[in-house]
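To start, the structure under review is shown below, and the notes come after it.
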Amino acid sequence: MSAVRGEFSSRFGFIMAAAGSAVGLGNIWGFPTQTASNGGAAFLIAYLVLAFCLAYPALMAELTIGRHGQANAVSSLRKISNNLLQKRFAFVVGFGGIICAGLILSFYAIVAGWMISATLEPIATLVGSESSSTWLSEQSLSRNLIFTAGFIILTVAIISRGVENGIEKWSKRLMPALLTILFALIIYVMMQEGAMTGLKAYLVPDFNSILDPELLVSALGQAFFSLSLGTSVMIIYGSYISKKENLVSLGAYVTLIDVFIAFVAGLLIIPAMYVAQAQGVEIFSATGELLSEDTLVFQVLPALFDGMGTIGLFVGFAFFALMSIAALTSSISMLEAPVSYAVERFDLGRVKATWLIGTIIALVSFTIVLNFNVLFGLVIALTTKFSQPILGLMCCLFVGWIWYRNSLLNEIQQGCPEVASSLFWKIWPWYIRFICPIAIGLVFVSSLLG
Ligand code: LEU
């Protein structure tokens, strides 16, 4: 074991780091596009209900496992296991989450690489370098490999500095920058023609579709992905929280910020689609369906920025910088999951472990880039559709069925004595035991059938 474990130095630092992990491409790209293609406000309502009723309790389960264990995901799960069989199960869940985080990072880095090249493209245009601007804007093997590698190096550089000087310091810088850009862009888009129609489509629900099973499956999947559940990330972040902190309110803040940013990103992207539509960019079919979720960010919005002339270059730059920052604060959390395990399990130095794992993830990313058509969709489906819900469910089973109720509640009570007298926390272990696994299982099965 390494001599001194890292710890978040402040409450604010933890909130920024965990909210940074949660707020990512899932919020700024995934949530608005899912909302636009799943009945607007109906999806928003389903998402809000599921995020608070299912994802928050599951997030609390993962944070509590980590804070109790004060160790990497595998060791933390082992500490609450009572026999050999349970310890084996702990390894499967903890190590499975670590692999899942690494695999998500390997495709996330490719998308983040596109974001960074799209951020640089307006700069190349502004300085008059047409060839660079063309290279940056077109899909090519060289561009994708270089920017994927660049993004992974950036992530490695932060994680190799440790918890306080790496994760916490950079999350505290990047998250306020993200919020500033997001709000500036919303104000700009709201002033354009067509924005109000978009706002209406976003905020006025069509109640007929709210109980549509497909909508519920997408909303729960989105909530789990967005809170980084089932990836060991929240277990390891929980392990860096001091025993004096109030875990209940920290988890609530993270959920609120995550949901809030997804909601606010919807206020940007959905009106922007209607602004683009008003300017002649084709977004919706004649029957009102979103034409393409995948090309929205890389074709539709750039077409909108192009139509704005020089100011579009600045808006485009700000938009993709926002995406890149959101991706970076999430990617550092995904790298921390395997790095913390390697450091504690094999007694490796942090810098060495980070570069080693960063290199492995880069090799997986390159393999995906080189076999894009086959592997990209497959890895996304394997991790986000299958592994995350299954592992999230297993964490709930661990807390609900294996961890002794008193020890569990004692852990949450440290730093939050009110838990002892709260009805909510009396019910929560039962909730985690029955309701969460059943609901996640149902959603999972219906997504398989769907
Ligand atoms: N929560 C992140 C996002 O919304 C993803 C997670 C797997 C780190 O993009």
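The values are calculated or read from the model by the stated rules, or taken from the named source; none is laboratory data. Keep in mind that this is a model prediction, so the values were computed, not measured. Heads up, the Cβs are rebuilt from the backbone with ideal geometry, glycines too, and the neighbour counts pull from every protein chain shown. Quick note on the areas: whole protein, heavy atoms, side chains included, nothing else; ligands and nucleic acids left out. Shrake-Rupley method; radii C 1.70, N 1.55, O 1.52, S 1.80 Å.
Extents of the chain, taken as max minus min of Cα coordinates on every principal axis and listed largest first, are 63, 51, 40 Å. All other residues whose Cβ lies under 13 angstrom from that of residue 392 are scored, Lys and Arg at +1 and Asp and Glu at -1, for a net of 0.
Computed extension gain for residue 367 through residue 252, at 0.36 nm per residue and net of the alpha carbon distance, reaches 37.6 nm. The slack between residue 172 and residue 380, meaning 0.36 nm per residue of separation minus the straight C-alpha distance, is 72.0 nm. Between their Cα atoms, which of 385/426; 79/352; 172/200; 87/243 are more than 30 Å away from each other? The answer is 385/426; 172/200. Placing a label point 7 Å from the Cα of residue 442 along the Cα-to-Cβ direction, the residues of segment 45-71 whose backbone N falls under 20 Å from that point are 45-59. Accessible surface area normalised per residue over segment 251-360 is 39 Å², counting heavy atoms of protein chains with a 1.4 Å rolling probe. Set the Cα radius of gyration of segment 177-307 against 2.2 N^0.38 Å, with N its number of residues, and you get 1.28.
Placing a pseudo-label 7 Å from each Cα along the Cα-to-Cβ vector at residue 242 and residue 416 gives an inter-label distance of 1.8 nm.
Oblate is the label for segment 70-214. Its Cα gyration tensor axes, ordered a ≥ b ≥ c, give a/c of at least 1.5 and b/c at or above a/b.
Mind giving me the FRET efficiency for residue 287 and residue 191? R0 is 41 Å, r the Cβ-Cβ distance, nearest 0.05 is fine.
It comes to 0.90.
Ligands, DNA and RNA left out, the accessible area of segment 1-73 computed with a 1.4 Å probe is 68% carbon and sulfur.
Of the residues 341, 120, 51, the one whose Cα sits farthest toward the positive end of the charge dipole of segment 11-449, with +1 on the Cβ of Lys and Arg and -1 on the Cβ of Asp and Glu, is 341. What the Cβ-Cβ distance of residue 434 and residue 406 gives, at R0 = 30 Å and to the nearest 0.05, is a FRET efficiency of 0.95.
As a length-normalised measure over Cα pairs under 8 Å and 6 or more apart, the relative contact order of segment 11-449 settles at 34 percent. Could you state the angle between the C-alpha long axis of helix 11-22 and the longest principal axis of the C-alpha atoms of the chain, as a value from 0 to 90 degrees rounded to the nearest 10? That works out to roughly 60 degrees. The share of alpha-carbon pairs in segment 168-253 lying farther apart than 22 Å comes to 57%.
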